Amino acid sequence: MTTIYGQEIEVKVGSVIKPDNWRFTQRLEESTWPEAQFVLPTGYDFGITHLSVNVIVTGRTFQRREGEYWVRVQIEFVGDGEPSTLHGGWLLRN
């Protein structure tokens, strides 16, 4: 957990995430795979619909975006037999 301005920030199932360059936000879901903390829906009904991810809070301050407060995160898209990919994103203050 990370503390920002005295508020504990915890990434958990149900947290709202917006990866950089994605058009929409998604809520993290529970992962049953030990390599990944969470599953992130892609928002599509065809092709790849969910991605396994780990999320770490990297921001030190809140940023006002889209009328709400967000903090920067690092999203690790976990590779299955291939290298993982790191990506930036935003976490809605919980």
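A few remarks follow.
- Residue in the range 13-41 that is nearest to Asp80 (Cα to Cα), counting only those that are touching a Leu at 6+ places or on another chain (Cβ under 7 Å) and surrounded by fewer than 15 Cβ atoms within 10 Å (Cβ to Cβ): Val13
- Criterion violated by Glu29 - all others in (1) touching a residue at least 24 places away in the same chain (Cβ under 8 Å); (2) within 21 Å of Glu10 (Cβ to Cβ) satisfied: (1)
- Taken together, Phe46, Phe24, Phe77 contain a single residue that is of a type in the set (Phe, Trp, Tyr) and in contact (Cβ under 8 Å) with a residue 24 or more places away in the chain, which is Phe77.
Bear in mind that the values in this text are calculations on the coordinates, not laboratory data. Just so we're clear, the structure is a prediction, and the values are computed from it rather than from any experiment. Note: ideal-geometry Cβ built from the backbone for every residue, glycine included; neighbour counts use all protein chains shown.
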